[in-house]
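Asker: Sharing a structure with you now.
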Amino acid sequence: MADAGRPRSTSSASAPAVALLASAFVVATCGLIYELLASTLASYLLGDSVTQFSTVIGAYLFAMGIGSWCSRYVRQNELRLFVRVELLIALIGGCSAAGLFLLFPVIDHFRVALYALVLAIGFFVGLEIPLLMRILRDVEFREVVSSVLTFDYVGALAASLLFPLVLMPYLGMVRTGFLFGIANAAVALALLFVMRDAGRFRLEKLAAIFVLALLGAGFIASERLQRWAEVASYQEPVVYAVSSRFQRIVITRRGDDLRLYLNGNLQFSSRDEYRYHEALVQPALARVANPRSVLILGGGDGLAAREVLRHPGVQSLTLVDLDPDVTRLFSQTAMLTALNRGALTDPRMRVINADGFRWAREARTRYDAVIVDFPDPVDFSVGKLYTESFYRELKRLIAPGGIAAVQSTSPLVAPRAFWTVATTLEAAGLQIRPYHAYVPSFGEWGFILAANGPIAPSAPVLTGRFLDQATANRMFDFPPDMARRPAPVNRLDNQALVRLFDEEWSRYEA
Amino acid sequence: MKLSRRALVGGAAGAAVLAGGGWAALRRRKPPGTLAGADLARGHRLAKGGFPAPTRFEETGVVIAGGGVAGLSAAWTLAEAGFDGFTLFELEDETGGNARAGRNAVSAYPLGAHYLPVANQDARALRHLLTRLGIIVGEKGGLPVYDPYQICADLEERLFHQGRWHEGLIPRNGIGAQDRADLAAFDAAVTAFAAHRGRDGRPAFTIPAAYSSRDPDLLVLDTISFGRWLDDREWHSPVLRAHLRYAMRDDYGTEPDHVSAWAGIHYFAGRRGWAADGAGDKVLTWPEGNARLARAMAARVPGRIRRGRIVHAVARDGDRMWIDSFDVAREETVRTTATAAILAMPHFVAARVAPGEVRADKAFTYAPWLVANITVDRLPTGKGAQLAWDNVSATSESLGYVVATHQGPDARTAGTVLSWYMPLSAVEPASGRRQLLERPIEDWQSIVEDDLLLMNPDLEGAIRSIDVWRWGHAMVRPTPGFIWGAAQRAAETRPPVFLAHSDLSGLSLFEEAHYHGTRAAEAAMRHLRHPFESLL
Ligand SMILES: Cc1cc2nc3c(=O)[nH]c(=O)nc-3n(C[C@H](O)[C@H](O)[C@H](O)COP(=O)(O)OP(=O)(O)OC[C@H]3O[C@@H](n4cnc5c(N)ncnc54)[C@H](O)[C@@H]3O)c2cc1C
């Protein structure tokens, strides 16, 4: 170069040049941050971080290449295009994390959205760097290529260090996204003011301010957005959500419909829970001459307890539920105690927070009626509560002349699972009488009465909103599509039920 | 009744991200933990010698030196036969040897041995023990019924392979035709061996190994390495070889190239568990591992066990023996005169303390192991198969982890203890032992933590402590020629000295330790003319 020997004058680092180099730095940093965000997010949502990181990085680099290549078709107005592209990146990249979170529960092809986003950002970033070099050459900056590349690489380093050390631990993904979007847009705006012919870019300035405001609002509302993301996975508005030591407890409400979800599984809807709980409790109590002491295993919502306490003869009711957070919630919250009519704080009630299996193995008392209301056998740990070993403990807990009722999943959707519960109860030496009821929010639901002796086919039932004598008698008929079929014994060492349950329900949901 | 899985994951992931999630890795605080192991100071003291001369003198019938599974089995057998005149000396403050356990606020957990497969029909003595301990609880159709609470609950094992967990330990998806062919060929070969009987009419392979056939056509398998045997058959499938490497390291702490083909095949062809309800291929396990069995045997002989006693010299005195043991608490040597001595310590220790009776033999080599007990706030999860008792990664140098609370009385727990295992088999045993001694606890903790988080990134932030346990001479190595050579020779001693240790069969297994303990006790009673009914 002609002026190579001349001492470096301050004029060569003019304000526009500095601003342009700063943009190179910010563009590189932001680009890498968006890419890391997409990879991390994909690892969280889809699992398998190695695959997610390599495919996202691959897609990103590929898109950058295409962007670079396309830059050759830009023949004029490089600065204008550069600023516009930068604003676009700010907008897309800044909202990417929040957007993906909100999209995840509602769209079917999440990967398509993810890679579309990555490709778009990659393309625009790839377009920017060559544009930047050309603009710099116009302001007669020396060593354009090496300067831009240096800032580009330093920016990448900054991003890769900041991301794990500062951004993820302190800001989280959604906020990080917005923050870097803001940085992107701010640099674009600064550039517009510093460049010599800046007066021409009125539209771009307005757009920049708009994008900045939008991202700023997003940043401030990040917390709420996160909650929406969870809310979006439920069909109804979430009014309460907490993680206990054992599970995620979520309560939703729409109008008068109150719902409880444990780990995302619906436990009841206040619209039709009376059908489920009357069916669970009343047929059993109807068959005990004079039920005085009753045990409920599970059922921390107190709704089965409410049904039991409708019997004035009941003198003591013991409820064993794993999770103190659930029983506390259902004994203290007004809208919930209205539903269970304060059953959990009734003087006859004793609430024990313990693991049902351990408690049953150690228990030495017998009960006139035992209501078994555990969650569905969705995993091996809950599956243990449906095994022959557990039912042998259950058998021991039933007083002479007493009875048990077991919630046993849907005989329509999962007939083999339902009849596995029946077969297993029999293998444990109990006599059984299966029945079913229709609960709209669950579908056709199954229960099984079990006792140490024969069980009466019919008995005078306490009339409720759902059950009268005729209905109660009808529940014991099984039409052919739910009729008994051969089923294995569910044992601790085979967990046949969990496998069948999963098979039948996933076929149904597919 | 169920929300879609995708929706659920979305919600959960959102929460996880808010909490700072996986990227806190670099500012991770090291979890607390302890570094311990088979008592090094006492072991060294034994190697250095220089114990004081005896100042206390006792007499007993039979001395059992060593309170691992073999020593305790000997004691149990004597007690069952109504022979009470014996004393057991154990170097550590607790009996159990490799079958010891630890406990913290969350759970009991094994420090070494953690399971026992359902017994073969041949293993009469073992079945007798299991019946007496209430593990075999009855009989159905002529087959033993095992207590369902002690059979490993489903899911027994899962493998982390290509980013997903799969049931079982052999990957079934994403493998090639050659892999399938080799897996099937290997399977057919070991199935044939399992059913095969030698010319002497004995099963080709069984447990205890001593009941196996002596047919020379089978014993030649002990002269070559397992790796070589596989090569000869051209079974090169990386999937098969990785699984076999896992198996050899799991049972023997040794690489396939250093294990004899006989031992390698024995792993797959020696077990024919005999049980009702199709439980023959199941294993028995407990939160505290095999310490359950060791403690139950020790409880059978209260008052006969002396802990914290280092046996350092054993010698013959006419037709009797004297045994010098150092009482660690009182810092004095006690000389015990006995009518018989059962040495239930590793062979290299026996050769050191009883040089006149037991010949040192370089053929006895030992694999070093590292065990870490990791206390976590929540149960591990992962994509694919649900949490199992035994969780193994296809790509890790470790053998994965077992879940202590899997077999516990609770259906659901908030936290648990994961027992993580790694034999240092990739290097020579001596340099493995040096590593065990020299590397600081922080190194081991990071190795364990990194390995665990690769399998279970979901445990990020949930690790509360990592307790590291070092086993320098953990397991005897069944190298080519060892089982049917050096081990057989070593077992022959001159009465009234009898040896009892799993070293003598070359297979470090509960069944083998139990067999040798029982055998030594019966030999001692025969020598002392105490009447008994043999269980062997
Ligand atoms: C990490 C690990 C995992 C294992 N997992 C399993 C498993 O899951 N299942 C299985 O079947 N096997 C397993 N094993 C194998 C285990 O070694 C055997 O099952 C069995 O416990 C061995 O018993 P033993 O009595 O032969 O030997 P040891 O356990 O070695 O017992 C020897 C005893 O002698 C004592 N002793 C030594 N020197 C002296 C002395 N001078 N004076 C007094 N006492 C002395 C020792 O302290 C020790 O208590 C495992 C081993 C290890 C190390």
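Readers should treat all values here as calculations from the given coordinates under stated rules, not as data from a laboratory. All figures in this text were calculated on a predicted structure; none of them were measured in a lab. Neighbour counts are summed over all protein chains in view; Cβ atoms, including those assigned to glycine, are modelled from backbone coordinates with ideal geometry.
Asker: Against the longest alpha carbon principal axis of chain B, how many degrees, from 0 to 90 and to the nearest 10, is the axis of helix B:69-80 turned?
Answerer: 60 degrees
Asker: For the protein assembly as shown, what does the helix formula give at 222 nm: sum of -39500 (n - 2.57) over DSSP H segments with n ≥ 4, over the residue count, nearest 500 deg cm²/dmol?
Answerer: The helix-only estimate for the protein assembly as shown comes to -13500 deg cm²/dmol at 222 nm.
Asker: Checking the cross-link filter: which lysines have an alpha carbon closer than 28 Å to that of B:Lys282, excluding same-chain neighbours under 8 positions apart?
Answerer: A:Lys384, A:Lys395, B:Lys140, B:Lys383
Asker: Within 10 Å of each Cβ in B:495-508, how many Cβ atoms from other chains are there, averaged over the peptide?
Answerer: Mean number of neighbouring Cβ atoms from other chains: 0.
Asker: Using a 10 Å Cβ count of at most 14 others and DSSP loop calls, identify the longest part of chain A lacking such GluC sites (Glu not before Pro).
Answerer: The longest such stretch corresponds to A:144-510.
Asker: Over chain B, what is the mean sequence separation of C-alpha contacts under 8 Å (at least six apart), divided by residue count, expressed as relative contact order in percent?
Answerer: 25 percent
Asker: Let me ask something additional. Among B:Lys30, A:Lys384, which comes first, second and so on when ranked by fewest other beta-carbon atoms within 10 Å?
Answerer: With the fewest neighbours first, B:Lys30, A:Lys384 line up as B:Lys30, A:Lys384.
Asker: With a cut-off of 11 Å, note down the residues of the stretch B:405-419 whose backbone N falls inside the zone around a label point 7 Å from the Cα of B:Arg464 toward its beta carbon.
Answerer: B:414-417
Asker: Another question, if that's okay. Taking 2.2 N^0.38 Å as the expected size of a compact globular protein, what ratio does the Cα radius of gyration of the stretch A:11-230 give against it, to two decimals?
Answerer: Rounded to two decimals, the normalised Rg is 1.00.
Asker: For chain B, with equal point scatterers placed on the C-alpha atoms only and solvent neglected, what are the log10 I(q)/I(0) values from the Debye formula at q = 0.05, 0.07, 0.09, 0.13 1/Å, to two decimals?
Answerer: Here log10 of I(q) over I(0) equals -0.21, -0.40, -0.67, -1.39.
Asker: Trypsin sites (Lys or Arg not before Pro), restricted to the stretch B:180-220: which are DSSP loop and have at most 13 other Cβ atoms within 10 Å?
Answerer: Those satisfying the criteria are B:Arg199, B:Arg214.
Asker: Here's a follow-up. Given R₀ = 41 Å, FRET efficiency for A:Asn290-B:His527 by Cβ-Cβ distance, to 0.05?
Answerer: Efficiency computed from Cβ-Cβ geometry: 0.05.
Asker: Right, something else. Among the chymotrypsin sites (Phe, Trp or Tyr not before Pro) in the stretch A:374-483, which ones are in a DSSP loop with at most 16 other Cβ atoms within 10 Å of the Cβ? Mind listing them?
Answerer: A:Phe476
Asker: Once R0 is set to 56 Å, what does the formula 1/(1 + (r/R0)^6) return for the Cβ-Cβ distance between A:Ala217 and B:Ala105, expressed as a FRET efficiency to the nearest 0.05?
Answerer: 0.75
Asker: What is the gain in length, in nm to one decimal, between B:Asp250 and B:Arg489 on full extension, counting 0.36 nm per residue of separation less the C-alpha to C-alpha distance?
Answerer: Result for the pair: 83.4 nm of gain on full extension.
Asker: Ok, one more. Enter the Cα centre distance for the pair the stretch B:463-536 and the stretch B:426-443, rounded to the nearest angstrom.
Answerer: Rounded to whole Å, the Cα centres lie 26 Å apart.
Asker: May I ask you to derive the relative contact order of the stretch A:11-230, considering only C-alpha pairs under 8 Å and at least 6 residues apart, and to give it as an integer percent?
Answerer: Dividing the mean separation by the residue count of the stretch A:11-230 yields 36 percent.
Asker: Using only atoms on other chains, find how many Cβ atoms lie within 10 Å of each Cβ of peptide B:374-384 and report the average.
Answerer: Per residue, the number of nearby Cβ atoms from other chains is 1 on average.
Asker: Listing B:Ile64, B:Ile310, A:Ile92 from the residue with the fewest other Cβ atoms within 10 Å to the one with the most, what is the order?
Answerer: In increasing order of surrounding Cβ atoms, one gets A:Ile92, B:Ile310, B:Ile64.
Asker: Tally the DSSP beta bridges in chain B and give the antiparallel ones as a percent, rounded to 5.
Answerer: The answer is about 65 percent antiparallel.
Asker: In 10 Å bins starting at 0, how do the alpha-carbon pair distances of the stretch A:268-509 split up by percent?
Answerer: Here the calculated profile for the stretch A:268-509 is 8, 34, 40, 17, 1.
Asker: Based only on other Cβ atoms within 10 Å, what is the fewest-to-most ordering of A:Trp69, A:Trp505, B:Trp471?
Answerer: If I rank by nearby Cβ atoms, fewest first, I get A:Trp69, A:Trp505, B:Trp471.
Asker: Could you tell me the distance between the Cα centroids of the stretch B:310-347 and the stretch A:237-300, to the nearest Å?
Answerer: Taking the Cα centre of each part, the stretch B:310-347 and the stretch A:237-300 sit 67 Å apart.
Asker: Just to be sure I follow the definition: excluding the sites themselves, where is the longest run in chain B that has none of the GluC sites (Glu not before Pro) in a DSSP loop with at most 12 other Cβ atoms within 10 Å?
Answerer: Result, exposed sites excluded: B:1-233.
Asker: Using the Kirkwood radius over Cα pairs, work out the Stokes-Einstein diffusion coefficient for chain A at 25 °C and 0.890 mPa s, in µm²/s as a whole number.
Answerer: 90 µm²/s
Asker: So between B:Leu454 and B:Ala210, what do we pick up on full extension, going 0.36 nm a residue minus the alpha carbon distance?
Answerer: 83.7 nm
Asker: Now for a different question. How large is the dipole of chain B about the Cα centre if only Lys and Arg carry +1 and Asp and Glu carry -1, each at its Cβ, rounded to the nearest 20 debye?
Answerer: That gives chain B a dipole magnitude of about 500 debye.
Asker: Something else: What list of ³J(HN,Hα) couplings, whole Hz, do you get for the stretch B:82-97 from phi and the Karplus terms 6.51, -1.76, 1.60, once you set θ to phi - 60° and write x for glycine and proline?
Answerer: Calculated HN-Hα couplings, in order: x, 9, 9, x, 9, 9, 10, 9, 10, 5, 7, 7, 9, 7, x, x Hz.
Asker: Name the trypsin sites (Lys or Arg not before Pro) in the stretch B:56-151 that are in a loop by DSSP and that have at most 16 other C-beta atoms within 10 Å, would you?
Answerer: When the trypsin sites (Lys or Arg not before Pro) of the stretch B:56-151 are filtered for loop state and at most 16 Cβ neighbours within 10 Å, nothing remains.
Asker: Further question: Would you work out if the protein assembly as shown is rounded, prolate or oblate? Take a ≥ b ≥ c from the square roots of the eigenvalues of the alpha-carbon gyration tensor; rounded if a/c is under 1.5, else prolate when a/b is larger than b/c, oblate otherwise.
Answerer: Verdict is oblate for the protein assembly as shown.
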